[in-house]
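Chemist: Got a structure for you, written out below as structure tokens; questions coming shortly.
FYI, it's all coordinate maths here, none of it is from the lab. What you see is a predicted model, and the numbers here were worked out from it, not measured in a lab. For neighbour counting, all protein chains shown are included, and Cβ atoms are generated from backbone atoms with ideal geometry for every residue, glycine included.
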Amino acid sequence: MGEYLLVRGGRPLEGAARVPAAKNSVLPLLAAALLCEGESFFTQVPRLADVQQSLVILSALGCEYQWRGRGLAVRRCAEAPGVLPEGPARAMRSSVFYLAPAIHRCGRVRMPMPGGCKLGPRPIDIHLDGLDKMGARVDWRGETLTVSAPWGLTGADYTLRLPSVGATETLLMAAVLAKGETVLRGAAMEPEVVDLAAFLQRCGARIEGAGSPMIRVQGVRELRGAVHTPIPDRIVAATLAAAAASAGGWVRIQNCQLEALAPTLEILRRAGCRVEPAANAVTVRRVGWLRGVGRVYTGVYPAFSTDAAPVVAAALLTAAGRSAVEDTVFENRFACAEGFNALGAKTARAGRALEIEGVRALGPARVEAKDLRGGAALVVAALAAQGETKVYGVEHIRRGYGDLAGTLANLGAQVRLCQE
Ligand code: EPZ
């Protein structure tokens, strides 16, 4: 079984933690750097597994990169065939972000179906349909996708059939160097979309309406690299808030956008946590028992984030009474339920929902992460479990958290990485 996180639960948290740059912002930003002449520099980039995979893809597409302290410089230096390396492309969903930049840079792109957390069907039909409407030719040969536009892309008025975050980001990156105007209707409004648009505008792109359901783009001939600080990771912030709720004590979460965290904080407040907002920070405090919150639903931004659902559910396992968390975005968000129940929780999956009946105490277990946010949720739950819990599947957690064990240990938790 290899490595695991050893969590000795039952200790309250106490202290401050600074939220790193957002994984789901950094990953499309790195792809967008391929669109630019000259160097782009991202001032804060977490050392995540998915970032490492992205750098392998960027190198294969003719880019050079250089870590400078916590920052990362990316520059396109050489012509390259638009072929994504199989391993990294299959290792994460974010390889899809290279479709549009590679088409603009190489005239075509060839890649396998992207990978990523197994949260249910994750087609890329909206990405491809939008690119088709902008003049690209889409070919599948088995699992290998080739998209080509040797004469470039042309702006289009395109309605997304659902507000896909990734498809909005793909089509935004396609539009900024396309000929003429593009209108994206029914676009995703997530903060990470807004952050990508802000970087592209800094590079010379002409974008209006990012963060609203309608984005209007005037294509330009060239973009020049820029310096950009990615937004804080709202899901890491939600994880820290849920950890305080689960373990008890308090955590002061620094460098976080309260607006993006509001739905998570509202649920934790309803469960009985004390939430003390400040400028660019919030302290989440749990004193005594939590209470169930009834049924809550995830949704597209600005609703409660699907990615925060597992960690919030973990905090509700010992809340007196009933709770239910229903994910309207993915079909298989709660693969972590098996691990919760191994810890002594009383949960049941019902369609896209996780039904929770609060228990007085959780106990130690051997559990395995099946995906990124479910893995973080198992750690959050283990903080409340008396005794020693072993959380396997650390490779999933490493995709989205630079050092979850170290962050929690700095808050007084007894969590450390162990080898079998
Ligand atoms: C992004 O994934 C995030 N990943 C996910 O975070 C996040 O859960 C998701 O947005 C929703 O907020 C990154 O940004 C790297 P979607 P993405 O396209 O773009 C369906 C994490 O843990 N869909 O908004 O893949 C899809 O099947 C990850 O950090 C289509 O049907 O999400 C899903 O049901 C997990 N066709 C729904 O839309 C498409 O072409 C939302 O997916 C695209 C999506």
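Chemist: Full extension from Val287 to Cys77: what is 0.36 nm times the residue separation minus their Cα-Cα distance, to one decimal in nm? Write down the numbers at each step before the final one.
Modeler: On the way: separation 210, 0.36 × 210 = 75.60 nm, distance 5.53 nm.
My answer for the length gained is 70.1 nm.
Chemist: Can you compute the helix-only [θ] at 222 nm over the chain? Use -39500 (n - 2.57) per DSSP H run of at least 4 residues, normalise by all residues, nearest 500 deg cm²/dmol. Let's see the in-between values first.
Modeler: Working: 14 runs with 130 residues, N = 420.
Computed ellipticity for the chain at 222 nm equals -9000 deg cm²/dmol.
Chemist: Right, here's the next one. Grab the Cα-Cα distance for Lys179 and Arg269, subtract it from 0.36 nm times how many residues apart they are, and report the gain in nm with one decimal. Intermediate results must be reported in sequence, preceding the final value.
Modeler: Values: separation 90, 0.36 × 90 = 32.40 nm, distance 4.89 nm.
My answer for the length gained is 27.5 nm.
Chemist: For Glu14, project a label point 7 Å along Cα to C-beta. Then give me every residue of region 241-274 with its amide nitrogen under 12 Å of that point.
Modeler: Only 249-251 fall inside the zone, counting backbone N under 12 Å.
Chemist: Quote the relative contact order of region 23-228 in percent (integer), defining contacts as alpha-carbon pairs under 8 Å separated by 6+ residues.
Modeler: Values: 465 pairs, mean separation 42.3, N = 206.
RCO, region 23-228: 21 percent.
Chemist: Which lysines does Lys118 reach when only Cα atoms under 19 Å apart count, and residues fewer than 8 places away in its own chain are ignored?
Modeler: Excluding near neighbours in sequence, the set is Lys23, Lys370.
Chemist: If you don't mind, another one. Springs between alpha-carbon pairs under 10 angstrom, Gaussian network model over the chain: which of Pro12, Pro88, Pro123 fluctuates most?
Modeler: Pro123
Chemist: Another question, then. In percent, what relative contact order does the chain have, based on Cα pairs under 8 Å that are 6 or more apart in sequence?
Modeler: Values: 1092 pairs, mean separation 86.8, N = 420.
Rounded, it is 21 percent for the chain.
Chemist: What's the extension gain from Gln414 to Asp132 if we count 0.36 nm per residue and subtract their Cα-Cα distance?
Modeler: Values: separation 282, 0.36 × 282 = 101.52 nm, distance 5.17 nm.
The span from Gln414 to Asp132 would gain 96.4 nm if fully extended.
Chemist: In addition: Determine, from the Cβ-Cβ distance of Thr159 and Arg360 and an R0 of 51 Å, the FRET efficiency 1/(1 + (r/R0)^6), rounded to the nearest 0.05. Provide the component values of the computation, followed by the final result.
Modeler: On the way: r = 51 Å, r/R0 = 0.99.
After rounding, the FRET efficiency stands at 0.50.
Chemist: Another question, then. Quick one: give the max-minus-min coordinate of the C-alpha atoms of region 196-290 along each principal axis, largest first, in Å.
Modeler: Here the spans come out as 60, 27, 19 Å, largest first.
Chemist: How big, on average over all directions, is the shadow cast by the Cα convex hull of the chain, in nm²?
Modeler: Details: hull surface 73.3 nm².
Reported value for the Cα convex hull: 18.3 nm².
Chemist: Can you tell me the order of 229-241, 177-189 when each peptide is scored by its average per-residue count of other Cβ atoms within 10 angstrom, highest first?
Modeler: On the way: 229-241: 26.7, 177-189: 19.8.
Going from most to least packed, we get 229-241, 177-189.
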